[in-house]
C-alpha cells in the first residue's frame, strides 16, 4: 500500500514459522522467556522481536493498550536520557524549558509538562482523514519530548 514502509504489525506466532524453526522453538521453549503452558497448548506463542508482515495491527484498541504500556515505560526512560545528556523539559505554566538535572529532586514535579498520549478522538480523526481507517498506519499515539541545547548533549 501507499504507506507500507511504515506500518505496525502483530508479532510472529511460533506456529507460523517454517517447520525447522518451529522445531527449534519446541526444543528451547520460547528462547527462555516464560510462557504460560496453556498458550503452548493452543499454539499462541510469539517469537520475541519478530513482526509478522502478513498480520497488520487491525484494532485501534490494541494499539492504545500497547501504547499505554509503552508510554509509561518511555516516560521513566526519558528522564534517564535527560539526566545523562543535560536534557530539558517544558514547564506547564510557561513556554520555557528547565534542565532535568536542576529540578529532578524537586518534590513538586507537577510543574513539568510531560506529553500525554494522543487523545482517542484525535486518533479516530486521523484514521478517517489520513489513513483510510487502517490502524496499522497510526504511529504517534505515545510521544514524548526532551530538548537538548546542543547536538553533543
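The ranking of 90, 6 from fewest to most other beta carbons within 10 Å of each one's beta carbon is 6, 90.
Across the chain, C-alpha contacts under 8 Å between residues 6 or more apart give a mean separation that, scaled by the residue count, equals a relative contact order of 27 percent. Multiplying the residue separation of residue 120 and residue 106 by 0.36 nm and removing their Cα-Cα distance gives an extension gain of 1.9 nm.
Here the spin labels are modelled as points 7 Å beyond Cα on the Cα-Cβ line, and at residue 143 and residue 15 they lie 3.8 nm apart. Label positions at residue 22 and residue 51, each projected 7 Å from the Cα along the C-beta direction, are separated by 2.4 nm.
In plain terms, the residue of 120, 97 with the fewest other Cβ atoms within 10 Å comes first and the most crowded comes last, giving 120, 97. Residues considered: 135, 37, 107. Largest GNM mean-square fluctuation over the chain, using C-alpha springs under 10 Å, is found at 107. Cβ crowding within 10 Å, taken as a proxy for footprinting-reagent exposure, orders 45, 80 from fewest neighbours to most as 80, 45. Structure remark: mean-square fluctuation, Gaussian network model of the chain, C-alpha springs under 10 Å; the largest value among 39, 138, 13 belongs to 39. Annotation: for a label point projected 7 angstrom from Cα along Cα→Cβ of residue 44, residues of region 50-71 with backbone N closer than 20 Å are 50-67, 69.
Bear in mind these aren't lab numbers, they're just calculated from the coordinates by the rules spelled out. Computed from a predicted structure; not experimentally measured. Cβ: placed from backbone, ideal geometry, glycine included. Neighbour counts: every protein chain shown.
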